[in-house]
Amino acid sequence: MNPAGVNEKDKVQPFYVFFLVHAMQTGIGVLSFQRVLAKSTGTDGWISIILAGLIVHLLIWVIYKIFSIVPGDILTVNYQAFGKWMGNFFSLLFILYFLILSLTVMISYIQVIHVWMFEEVPAWSFSLVFLVLIYYINTGGFRTITGIAFLSATMTFGLLFFLFYAMKYSEFTNLLPIFDHSILDIWKGTRNVSLTMIGFELILMFYPFIKDAKSSQKYAHGGALSTTLTTLFIYLVSLVFYSQKQLVMTIWPTLSMTSIVELSFIQRFEYIDVSWWAIVIIPNMTISLWAASRGFKRLFNVQQKYPLWGMSLIILMINIFFFDIDSLNILARIINPYGVIFLVSYLPLLLVIIYIKKKRNSL
């Protein structure tokens, strides 16, 4: 396995971690999480969002604690904690997870394009365009990827302003009643909203690319807090805009709300809306595929462009031969909740193992 050393010129300033974390967390899940959350917790969904946000902050703390003991990336930590064979096995699981994450985001967004814009255009043509763009961004290095994440984060905040347009149709009594669900329902809602909150775990791969990485922890927490507040705001606006029954039946509540914007010089604002979301979602696919290909590079000592080609081809083939709504549901069930359960259970366990090894001077 190659060392995780990174040239100083390829590193980014610590404050960019805020944008990297926020850009990775804010993705396709933001368009549809309200529907699933409303089914389980209704008007108490805000509690589930806050609880999920607190869990994310705890896991970010765990990640930085791990790297304070074993500097590098997750592959280095796995190797130190479990040895060559078991460590490489867990590293392969992370590579597969990052690949599936990128695939899930791409297929989900292409589904949105099909429904809202171009129903007759085959899925593989969109995936080919995205993959060419992702490859081009990745060849620019991590600094270029960071720049795209910065652009994406700023565009996200811009999209939030369109939600204020929906506020004039709001009915604030829809927020009632509160504290009307059991703890089990709240926990189920927390699990359901997890797909909207994941993405912070990419720190496990890009940590070596941060200058003075230890000082970036506050920015990682800031990015996660920004995502939590954004998700909370979107959910509350959805509650007052839709009735409970409408929210449960609407597949993409966020898009439906922002598409009602009326401008005198634009007839179909939803076309601009869906296209704008592409800029928000591209970093999700780009950083995930970068992490998967870099992990493969480090694990098997090959140039990163080769696994990037191979993984892009796999994603393209899946879009050609297996793309349908059932495949999307299967992917969603893999990432959410099993991917989240893996992160929540594995990272604390990893911290305990390397902490014990450090105490025994066996690292």
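The values are calculated or read from the model by the stated rules, or taken from the named source; none is laboratory data. All values derive from a computational prediction rather than experimental measurement. Reconstructed Cβ throughout: ideal geometry from the backbone, glycine too, with neighbour counts over all protein chains shown.
Within region 71-91, being small (Gly, Ala, Ser), assigned to a helix (DSSP H, G or I) and farther than 14 Å from residue 347 by Cα holds for one residue alone: 83.
Checked against the criterion of being at pLDDT 95 or above, out of contact with any Leu (no Cβ under 7 Å at 6 or more places or on another chain), buried (at least 23 other Cβ atoms within 10 Å of the Cβ) and not hydrophobic (A, V, I, L, M, F, W, C), region 52-65 contains not a single residue that satisfies it. The requirement of being modelled with pLDDT under 90, closer than 16 Å to residue 27 by Cβ and surrounded by fewer than 22 Cβ atoms within 10 Å (Cβ to Cβ) is fulfilled nowhere in region 303-318; no residue meets it. Here residue 113 meets the list (1) surrounded by fewer than 21 Cβ atoms within 10 Å (Cβ to Cβ); (2) touching a Leu at 6+ places or on another chain (Cβ under 7 Å); (3) closer than 30 Å to residue 158 by Cβ; (4) not acidic (Asp, Glu) almost entirely, failing just condition (2).
From the list 256, 243, 264, the lone residue that is under 19 Å from residue 167 (Cα atoms), out of contact with any Ser or Thr (no Cβ under 7 Å at 6 or more places or on another chain) and small (Gly, Ala, Ser) is 243.
Restricting the first member to region 271-290 and to residues that are touching a residue at least 40 places away in the same chain (Cβ under 8 Å) and charged (D, E, K, R), and the second to residues that are assigned to a helix (DSSP H, G or I) and buried (at least 20 other Cβ atoms within 10 Å of the Cβ), the beta-carbon pairs closer than 7 Å and six or more apart or on different chains are 273/258. Taking every residue in region 240-267 that is of a type in the set (A, V, I, L, M) and pairing it with any residue that is in a loop (DSSP other than H, G, I, E, B), at least 6 positions away or on another chain, the pairs with Cβ-Cβ distances below 8 Å are 240/170; 240/171; 251/32.
Under the condition of being surrounded by fewer than 23 Cβ atoms within 10 Å (Cβ to Cβ), of a type in the set (D, E, K, R) and either in contact with a strand residue (DSSP E or B) (Cβ under 6 Å, 6 or more places away or on another chain) or at negative phi (or both), the residues counted in region 198-228 number 3.
If the condition is being hydroxyl-bearing (Ser, Thr, Tyr) and more than 26 Å from residue 78 (Cα to Cα), then region 190-245 contributes 190, 196, 226, 227, 228, 230, 231, 235, 238, 242, 243. Going through (1) over 18 Å from residue 251 (Cβ atoms); (2) part of a helix (DSSP H, G or I); (3) without any contact (Cβ under 8 Å) to a residue 12 or more places away in the chain one by one, residue 114 falls short only on (1). I'd like to know if region 260-272 contains one or more residues that are surrounded by 18 or more Cβ atoms within 10 Å (Cβ to Cβ), assigned to a helix (DSSP H, G or I) and at pLDDT below 95. No, the conditions are met nowhere in region 260-272. Take the residues in region 4-29 that are within 20 Å of residue 98 (Cα to Cα) and assigned to a loop (DSSP other than H, G, I, E, B), then tell me which one is modelled with the lowest pLDDT. Across region 4-29, the extreme among qualifying residues is 4.
Just checking, does region 146-153 include any residue being loosely packed, with under 15 Cβ neighbours inside 10 Å, part of a helix (DSSP H, G or I) and not aromatic (Phe, Trp, Tyr)? Scanning region 146-153, I find no residue that is loosely packed, with under 15 Cβ neighbours inside 10 Å, part of a helix (DSSP H, G or I) and not aromatic (Phe, Trp, Tyr), so the answer is no. Restricting to region 116-128, and then to whatever is buried (at least 19 other Cβ atoms within 10 Å of the Cβ) and at pLDDT below 90, can you tell me which residue is farthest from residue 292 (Cα to Cα)? Ranking the qualifying residues of region 116-128, first place goes to 116.
Checking each residue in region 155-197 for being in a loop (DSSP other than H, G, I, E, B) and surrounded by 22 or more Cβ atoms within 10 Å (Cβ to Cβ) picks out only 193. Residue 218 falls short on exactly one of the conditions (1) touching a Gly at 6+ places or on another chain (Cβ under 9 Å); (2) at pLDDT 90 or above, and that condition is (1). Of all the criteria given as (1) over 12 Å from residue 188 (Cα atoms); (2) crowded, with 16+ Cβ neighbours inside 10 Å; (3) more than 19 Å from the chain's Cα centre (by Cα), the one not satisfied by residue 38 is (1). For region 81-96, name all the residues that are of a type in the set (S, T, N, Q) and surrounded by 20 or more Cβ atoms within 10 Å (Cβ to Cβ). The answer is 91, and nothing else. A count restricted to region 87-127 and to residues that are over 16 Å from the mean Cα position of the chain (by Cα), aliphatic (A, V, I, L, M) and more than 24 Å from residue 280 (Cβ to Cβ) stands at 2.
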